[in-house]
Amino acid sequence: AAKSDPDSGYRLYDPTIKDARAESRALEGALRSAHDNNEFELFYQPILDLATNRIWGCEALVRWKHPTKGMIPPLEFIPTAEESGLIGPIGDWILKEACSTAMTWSFPLKVAVNLSPMQFKRRDIFTSVKQALAASGLPASRLVLEITETVKLTEESTATLKRLKALGVSIALDDFGTGYASMSYLRSFPFDKIKIDQSFVRGMTGSPDSRAIVKATISLANDLRMSTTAEGVETEEQLDALRLAGASQAQGYFIAKPMSREAIAAFIADDRRARQSEQDDMPRMR
Ligand code: C2E
Ligand code: MG
Ligand code: MG
Ligand code: MG
């Protein structure tokens, strides 16, 4: 029977695998038309500077506004966008859109953009970034690129990251601590920032072990002259613990959820107005 013969290629006829392939082909087609029809939208999540208690910048997070299925989160379509190569044009759009949105903000805050491994493999990412900066007029110093350990630090990708840094762009290591080789990865490239994964932040208030890992990461980052952003801060207790541990920045639902381009512009203006009025209340030196 086909199933007992290892050379029969029966796996191809496994109905679940066939379904999965058909489904991913259908998704690929849908993604292609979504790109043509401008169905992607970026949301922006504020990042709080713990030293000043003001917004430091925002992370751009892509969503797919599907005409019938509603808002689809990135983890449901980014993998297929990568496999199909569509992440190339979609990623270019994300870079341009994030940079031009940051130009509309009433204060020159940073904007962080996530990059996929395929954008290094199949795309001239250096040129894409340069074009996004040129088209928007955003100074390179306001752009942060977030990569994870899934980006292989080959000689070529390391050289690309160094050229980006030379432009003035910052490079952050996202989801730190969740990959297989966080330490050697950290040694392979002079990142500007480490983003501490939310799994550790979530554990901080209940588990001494998570707290120890977060503290050690912050101290390691400081020694390596890198700043730290703690992700997924959902409670005031977590935020207090992070301040105590000396994190540079915090991001999470407790501070604000990701929001639309319109909402973030208002959020930023409010935050800075609040700072201005605080300064006005301070006793003046004579
Ligand atoms: P990430 O870069 O680590 O982004 C943080 C994720 O955590 C976001 O999920 C954000 O909405 C979520 N988050 C923020 N604060 C909290 C919190 O307090 N609690 C919890 N439970 N979650 C929080 P999102 O937007 O669904 O994105 C998931 C992942 O998809 C991102 O993880 C990133 O790896 C990828 N992604 C998102 N946008 C892009 C993009 O434009 N390009 C690429 N290549 N990947 C993207
Ligand atoms: Mg990120
Ligand atoms: Mg992350
Ligand atoms: Mg992630």
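The residue that is most open to solvent (accessible area, probe 1.4 Å), among those in region 107-121 that are of a type in the set (A, V, I, L, M) and either in a helix (DSSP H, G or I) or farther than 14 Å from Leu48 by Cα (or both), is Met118.
For region 113-160, give me each residue that is within 16 Å of ligand 2 (Cβ to nearest atom), touching a strand residue (DSSP E or B) at 6+ places or on another chain (Cβ under 6 Å) and charged (D, E, K, R). Matches in region 113-160: Glu146 only.
Taken over region 175-219, the residue count meeting the criterion of being open to solvent by less than 50 Å² (accessible area, probe 1.4 Å), more than 16 Å from ligand 4 (Cβ to nearest atom) and aliphatic (A, V, I, L, M) is 5. Quick one: Phe189 ticks every box in (1) within 12 Å of ligand 1 (Cβ to nearest atom); (2) under 26 Å from Thr158 (Cα atoms) except a single one, so which number is it? Looking at each condition in turn, Phe189 falls short on (1). Checked against (1) within 11 Å of ligand 1 (Cβ to nearest atom); (2) more than 18 Å from the chain's Cα centre (by Cα), Ala172 meets all criteria but (2). Filtering region 74-117 to residues that are away from ligand 4 (no atom under 16 Å from the Cβ) and among the aliphatic types (A, V, I, L, M) leaves Leu86, Ile90, Leu95, Ala98, Ala102, Met103, Leu109, Val111. Within region 70-86, the set of residues being outside any helix (DSSP H, G or I) and open to solvent by 40 Å² or more (accessible area, probe 1.4 Å) comprises Met71, Pro73. Restricting attention to region 220-238 and to residues that are open to solvent by 60 Å² or more (accessible area, probe 1.4 Å) and either at negative phi or aromatic (Phe, Trp, Tyr) (or both), the residue that is nearest to ligand 3 (Cβ to nearest atom) turns out to be Glu234.
Please go through region 138-156 and pick out each residue that is away from ligand 4 (no atom under 16 Å from the Cβ), modelled with pLDDT under 95 and surrounded by 14 or more Cβ atoms within 10 Å (Cβ to Cβ).
Passing the criteria: only Leu153.
Taking the condition within 26 Å of Ala98 (Cβ to Cβ), buried (at least 21 other Cβ atoms within 10 Å of the Cβ) and either among the polar types (S, T, N, Q) or over 20 Å from the mean Cα position of the chain (by Cα) (or both), does Thr160 pass? Explain how you work it out, then say what you get.
On the way: within 26 Å of Ala98 (Cβ to Cβ): yes; buried (at least 21 other Cβ atoms within 10 Å of the Cβ): no; either among the polar types (S, T, N, Q) or over 20 Å from the mean Cα position of the chain (by Cα) (or both): yes.
When the stated conditions are applied, Thr160 does not pass them.
Which residue pairs have Cβ atoms closer than 9 Å, lie 6 or more positions apart in sequence or on different chains, and pair a first residue in region 254-281 that is in a helix (DSSP H, G or I) and modelled with pLDDT of 95 or more with a second residue that is more than 16 Å from ligand 3 (Cβ to nearest atom) and open to solvent by 60 Å² or more (accessible area, probe 1.4 Å)? Pairs found: Arg261/Thr104; Ala265/Thr104; Ala265/Ser106; Ile268/Ser106; Ile268/Phe107. Selection of region 219-249 for residues being assigned to a helix (DSSP H, G or I) and more than 15 Å from Thr52 (Cα to Cα) yields Ser219, Leu220, Ala221, Asn222, Asp223, Glu236, Glu237, Gln238, Ala241, Ala245. The one condition from (1) open to solvent by 30 Å² or more (accessible area, probe 1.4 Å); (2) under 18 Å from Gly246 (Cα atoms); (3) touching a Phe, Trp or Tyr at 6+ places or on another chain (Cβ under 6 Å); (4) of a type outside the set (D, E, K, R) that Ile47 does not meet is (1). Set side by side, the residues Ser100, Ser24 differ, and just one is in a helix (DSSP H, G or I), at pLDDT 95 or above, in contact with a Ser or Thr (Cβ under 7 Å, 6 or more places away or on another chain) and not basic (Lys, Arg), which is Ser100.
The values are calculated or read from the model by the stated rules, or taken from the named source; none is laboratory data. Owing to the predicted nature of the structure, the values given are computational and were not obtained by experimental measurement. Virtual Cβ from ideal backbone geometry, glycine too; neighbours counted across all protein chains shown. Only protein heavy atoms, including side chains, enter the accessible area calculation; ligands, DNA and RNA are left aside. Shrake-Rupley method; radii C 1.70, N 1.55, O 1.52, S 1.80 Å.
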